[in-house]
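Have a look at the structure below before the remarks.
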Amino acid sequence: MPKKSEKPKKTPQLLRGFKDILPDEQPYWDYVRRSVDAVASTFSFQRIDLPYLEDASLFIRSVGKETDIVEKEMYVFEDKSGETVALRPEGTAGVVRAYIEHGMLNRPQPVKLYYIGPFFRYDRPQAGRYRQFYQFGFEVLGDAHPVIDAQLMMMAYTMFADMGLPVSLQVNSLGSPEARKDYIKALHDYFKSRKNSLPEEDALRLQANPLRLLDSKHPDTQALVQEAPQIVDYLDEESNQHFVKVLEHLDELDIPYVLNPRLVRGLDYYSRTAFEIWPLVSDLPEVPADNSSADAGEATAVADATEKPSAQSALGGGGRYDYLVEELGGQPTSAMGFAIGIERLINELKKRNISIPTLPGPDIFVAQLGDEARKKSLKVFGQLRSAGFRVAESFSKNGLKPQMEQAHKLAVKFTVIIGQKELMDHTILIRDMESGIQETFDAEKMIPELQKRLSKHGVKQNNGSASPAVSVPEQTDADQQKLL
Ligand code: AMP
């Protein structure tokens, strides 16, 4: 108890922009993780897990000093040894660091890696924007061919389509670093001569990074952006050819895309192909899509005819970063990747009421009567699990009735019951939950008998240790009372 003079301590609460992922939400997360792993395995990507904390200079040198991410959003602090460290705001920089640090250049190229995990940005929290959020990303290092660009876009696009989510693939090319420099200069000149029409915030952004104005939400800037120079007019010949080939591949794959000349992405390291995946949203003004080669409404998953692509809550994006490996001290290495935000993906699944496939539940419940039988049942549970059955239990309960209630709730096919009599006789009871018929078997016959019965139901066991076991949380006294 606090002394009278002391203020009562506040209950600790979540930080703003952070959230808990509670058990109810987990099926969505499991589904996303399983889908990511499945895609990775189909396309031969290997998983990489990297630290959440890195030397801050990694992000300053890669993402760029004058980007929103580094300038405003990065969690940077000095650790106890005085080093300036940062919570990772994105995944590509760390992958490139690891590629260089572990000499992955000496492996057969391309090196194909994927990751999934939390990232941190001190952004203004709002719907779909958190300070800790999760992304998965795919990166291909050591291959400059345009087919890689198309393949990665296809992967991103079809992942959404396979989940039943209609999305719009927005594509652009940012050209070589020189082309980009020329373009930035042209953009700077254009906006400078119209500086008086720019809101103050964007006038400041113009000095730091004119590309940022293209993403401005301010209507005055947006109006100017309509007439601003476009990067396509500054592309070098090689980048142009590369881009044409990428689009040819997409056409061949019948993947609808929108050419979006204003898509520049917020990070400095991109060159050549850049793309984003936008959700389709109702009641939003149309997105400028000059040179549209295909309407996003053609997306394969079902889209409402009134829905339009929206840049506001982009689901993900990526692009080539052919110079980043060298920039961070490695050998010149072409590369490309993309990342998808998991919270936003899950939001889309929920918004569209997409029911996600769930994992099969347990097939067998182990019930016990009395303390001695409880000890034995723990052992039986282990035997069933090792034999590959999906097993559930509720060991802390007393009395058969509440245990049967649980077994019914979990919709198991059979319950193995162990009581005093069974203990003495070295037997077990198997109850068919559908018919309610119970039969006694020698304890040694339990596994073959259950195998036989479950195979009649078309249930296959897992091969042992990996089989999931389900524990039912203990019921309250009140619950028990209700059942008894
Ligand atoms: P970016 O690295 O900024 O291109 O982000 C890729 C994707 O990650 C975005 O399209 C979002 O889906 C997701 N994302 C980025 N920042 C956040 C955030 N603050 N909160 C939630 N999701 C985010």
Discussion item. One residue is enough: does region 234-251 have a residue meeting the conditions crowded, with 21+ Cβ neighbours inside 10 Å and within 30 Å of Tyr28 (Cα to Cα)?
Written reply: yes
Worksheet, complete the sentence: Of the conditions (1) modelled with pLDDT of 95 or more; (2) over 28 Å from Asp322 (Cβ atoms); (3) small (Gly, Ala, Ser), the single one that Ala223 does not satisfy is (1)
Worksheet item: Cβ-Cβ below 6 Å, separation at least six or inter-chain, first residue in region 151-178 and under 15 Å from Thr273 (Cα atoms), second of a type in the set (Ser, Thr, Tyr) and in a helix (DSSP H, G or I): which pairs?
Response: Leu169/Tyr157; Ser173/Ser239; Gly175/Ser239; Ser176/Ser239
Fill in: Residue that is more than 16 Å from the ligand (Cβ to nearest atom), open to solvent by less than 100 Å² (accessible area, probe 1.4 Å), free of Cβ contacts under 8 Å to residues at least 12 places away in the same chain and more than 17 Å from Met159 (Cα to Cα), where the choices are Gln26, Gln13
Gln26
Fill in: Given (1) closer than 22 Å to Val264 by Cα; (2) modelled with pLDDT of 95 or more, number of the condition Gly128 does not satisfy
(2)
Fill in: Selection within region 128-154 - in contact with a Pro (Cβ under 9 Å, 6 or more places away or on another chain) and closer than 30 Å to Leu14 by Cβ
Arg131, Gln132, Phe133, Tyr134, Gln135
Practice prompt. Would you check if there is a residue in region 257-266 being in a loop (DSSP other than H, G, I, E, B) and of a type in the set (Phe, Trp, Tyr)?
Written response: yes
Worksheet item: What is the number of the single condition among (1) out of contact with any helix residue (DSSP H, G or I) (no Cβ under 7 Å at 6 or more places or on another chain); (2) without any contact (Cβ under 8 Å) to a residue 60 or more places away in the chain; (3) among the basic types (Lys, Arg); (4) more than 25 Å from Ile148 (Cα to Cα) that Arg34 does not meet?
Response: (4)
Worksheet item: Any residue in region 60-72 that is out of contact with any strand residue (DSSP E or B) (no Cβ under 8 Å at 6 or more places or on another chain), under 26 Å from Pro125 (Cβ atoms) and surrounded by fewer than 13 Cβ atoms within 10 Å (Cβ to Cβ)?
Response: yes
Discussion item. Among the residues in region 162-172, are any part of a helix (DSSP H, G or I) and either touching a Gly at 6+ places or on another chain (Cβ under 6 Å) or open to solvent by 10 Å² or more (accessible area, probe 1.4 Å) (or both)?
Written reply: yes
Discussion item. Every residue in region 411-430 that is open to solvent by 50 Å² or more (accessible area, probe 1.4 Å) and within 17 Å of Leu384 (Cα to Cα), please.
Written reply: Lys413, His426
Item to complete: Name every residue in region 38-59 that is assigned to a strand (DSSP E or B), in contact with a Leu (Cβ under 9 Å, 6 or more places away or on another chain) and surrounded by fewer than 17 Cβ atoms within 10 Å (Cβ to Cβ), in order of residue number.
Response: Gln46, Arg47, Leu53
Practice prompt. Inspect all residues belonging to region 129-143 and state whether any of them is open to solvent by 10 Å² or more (accessible area, probe 1.4 Å) and among the aliphatic types (A, V, I, L, M).
Written response: no
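For every residue, the table says whether it meets (1) modelled with pLDDT of 95 or more; (2) surrounded by 18 or more Cβ atoms within 10 Å (Cβ to Cβ); (3) basic (Lys, Arg).
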site	(1), (2), (3)
Ile148	yes, yes, no
Phe160	yes, yes, no
Gly175	no, yes, no
Ile184	no, no, no
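Residues are listed down the side, and each one gets a yes or a no for (1) within 17 Å of Arg344 (Cα to Cα); (2) more than 8 Å from the ligand (Cβ to nearest atom); (3) touching a residue at least 60 places away in the same chain (Cβ under 8 Å); (4) in a strand (DSSP E or B):
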{"residue": "Tyr99", "(1), (2), (3), (4)": "no, yes, yes, no"}
{"residue": "Leu105", "(1), (2), (3), (4)": "no, yes, yes, no"}
{"residue": "Pro108", "(1), (2), (3), (4)": "no, yes, no, no"}
{"residue": "Lys112", "(1), (2), (3), (4)": "no, yes, yes, yes"}
{"residue": "Pro118", "(1), (2), (3), (4)": "yes, yes, yes, yes"}
{"residue": "Asp123", "(1), (2), (3), (4)": "yes, no, yes, no"}
{"residue": "Gln135", "(1), (2), (3), (4)": "yes, no, yes, yes"}
{"residue": "Phe138", "(1), (2), (3), (4)": "no, yes, yes, yes"}
Practice prompt. Please work out which residue is modelled with the lowest pLDDT, limiting yourself to region 254-295 and to residues that are among the small types (Gly, Ala, Ser) and within 16 Å of the ligand (Cβ to nearest atom).
Written response: Gly266
Worksheet item: Among the residues of region 401-409, is there at least one that is within 28 Å of Ile21 (Cβ to Cβ), away from the ligand (no atom under 16 Å from the Cβ) and open to solvent by 40 Å² or more (accessible area, probe 1.4 Å)?
Response: yes
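The values are calculated or read from the model by the stated rules, or taken from the named source; none is laboratory data. Predicted model only: the values in this text are computed from it and were never measured. No Cβ is skipped: glycine too gets one built from the backbone with ideal geometry, and neighbour counts run over all protein chains shown. To get the accessible areas, we keep the full protein, side chains included, count just its heavy atoms, and leave off ligands, DNA and RNA. Shrake-Rupley method; radii C 1.70, N 1.55, O 1.52, S 1.80 Å.
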